[in-house]
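Student: The structure follows.
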Amino acid sequence: MKIGIVVFPGSNCDRDCLRAVKNVTGASVFFLWHKETTLKGADAVILPGGFSYGDYLRCGAIAKFSPVMREVIVAAEKGMPVLGICNGFQILTEAGLLPGVLMRNRSLHFICKDVFVRLENTKTAFTRKGRKNKAYRIPIAHMEGCYFISAEGLKGLEDNNQIVFRYVDAKGNATREANPNGSVENIAGITNTKGNVVGLMPHPERVCEEVLNGTDGRFFFESLG
């Protein structure tokens, strides 16, 4: 399998993702510069975290117009697995590949800490190796991580089993206190109806090795195998 990691001006988690993919899966992994007009034979694509184009206008609002995203959108619509982490999740919503929007955190402050998220859906391209209803400890680092969607849109997510993660406490309870950014219904990650496009705010690439103080993010990349 060949996995491409898109690099935008301002990306800062691209090398973390490359290391995670390489060490966990052993797959062929390479960078895709934002000006690329092809995906260079990639079988899956990851949009990493960071501050693409300086987060001007809105997070991900400019990145969606980059040449490489035109190719990502076409490939995703054909079924290619696409993962958006943090800023990558924001880009996926701006590009229309995932519903809803990411807004300023409830506290209006940047948040960087470990949180617990409960896996709700194990049928996506990136969660097949996970354990449903398990609470995983994965770090977050964002300012605009508050997920919002209309009541009608939320019903659609629930009816179609598109909610992938919810913020929970250590015991797996989705409480207000466990919700770090005010996301509607404690949503931390979602998928499209096909299950091939996944976006989440937590950073699984940062907890793939014991040396990084945890392995709760390994199953994301193992699921690609």
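Student: Residues that are in a helix (DSSP H, G or I) and at pLDDT 95 or above: does region 36-45 have at least one? Steps first, answer last, please.
Tutor: Start the filter on region 36-45 by keeping residues that are in a helix (DSSP H, G or I), which leaves none.
The answer is no, given that none of the residues of region 36-45 is in a helix (DSSP H, G or I) and at pLDDT 95 or above.
Student: Report, by residue number, each residue of region 183-222 that is part of a loop (DSSP other than H, G, I, E, B) and under 24 Å from Asn12 (Cβ atoms).
Tutor: To start, the set of residues in region 183-222 that are part of a loop (DSSP other than H, G, I, E, B) comprises 183, 192-196, 201-203, 207-208, 213, 215-217.
Matches in region 183-222: Ser183, Met201, Pro202, His203, Val207, Cys208, Asn213, Thr215, Asp216, Gly217.
Student: Moving to a separate point now. Could you identify the single residue in Phe148, Phe126, Phe116 that is of a type in the set (Phe, Trp, Tyr), surrounded by fewer than 20 Cβ atoms within 10 Å (Cβ to Cβ) and in contact with a strand residue (DSSP E or B) (Cβ under 7 Å, 6 or more places away or on another chain)? Break it down into steps so the answer makes sense when it comes.
Tutor: Details: Phe126 fails: surrounded by fewer than 20 Cβ atoms within 10 Å (Cβ to Cβ); Phe116 fails: surrounded by fewer than 20 Cβ atoms within 10 Å (Cβ to Cβ).
Among Phe148, Phe126, Phe116, only Phe148 is of a type in the set (Phe, Trp, Tyr), surrounded by fewer than 20 Cβ atoms within 10 Å (Cβ to Cβ) and in contact with a strand residue (DSSP E or B) (Cβ under 7 Å, 6 or more places away or on another chain).
Student: Out of curiosity, is Arg176 farther than 22 Å from Val101 by Cβ and at pLDDT 95 or above? Break it down stepwise before answering.
Tutor: Details: farther than 22 Å from Val101 by Cβ: no; at pLDDT 95 or above: yes.
Spelling it out, it is not the case that Arg176 is farther than 22 Å from Val101 by Cβ and at pLDDT 95 or above.
Student: Limited to region 158-199, what total is found for residues that are farther than 17 Å from Ile138 by Cα, more than 16 Å from the chain's Cα centre (by Cα) and crowded, with 16+ Cβ neighbours inside 10 Å?
Tutor: Number satisfying all stated conditions: 2.
Student: When the residues of region 56-92 are narrowed to those that are among the polar types (S, T, N, Q) and in contact with a Lys or Arg (Cβ under 9 Å, 6 or more places away or on another chain), which ends up farthest from Cys17 (Cα to Cα)?
Tutor: So the first thing to find is which residues in region 56-92 are among the polar types (S, T, N, Q), and the list is 66, 87, 90.
Still in the running and in contact with a Lys or Arg (Cβ under 9 Å, 6 or more places away or on another chain): 66, 90.
Details: Ser66: 20, Gln90: 17 Å.
My answer is Ser66.
Student: Return the pair list, or none, for Cβ contacts closer than 9 Å from residues in region 122-149 that are closer than 26 Å to Gly60 by Cα and among the basic types (Lys, Arg) to residues that are at pLDDT 95 or above and assigned to a strand (DSSP E or B), at least 6 apart or on different chains.
Tutor: Arg137/Asp114; Arg137/Val115; Arg137/Phe116; Arg137/Val117
Student: Among the numbered criteria (1) surrounded by fewer than 16 Cβ atoms within 10 Å (Cβ to Cβ); (2) at negative phi, which one does Lys40 miss?
Tutor: For Lys40, the exception is condition (2).
The values are calculated or read from the model by the stated rules, or taken from the named source; none is laboratory data. Because the structure is predicted, anything quoted here is derived from the model rather than measured. Virtual Cβ from ideal backbone geometry, glycine too; neighbours counted across all protein chains shown.
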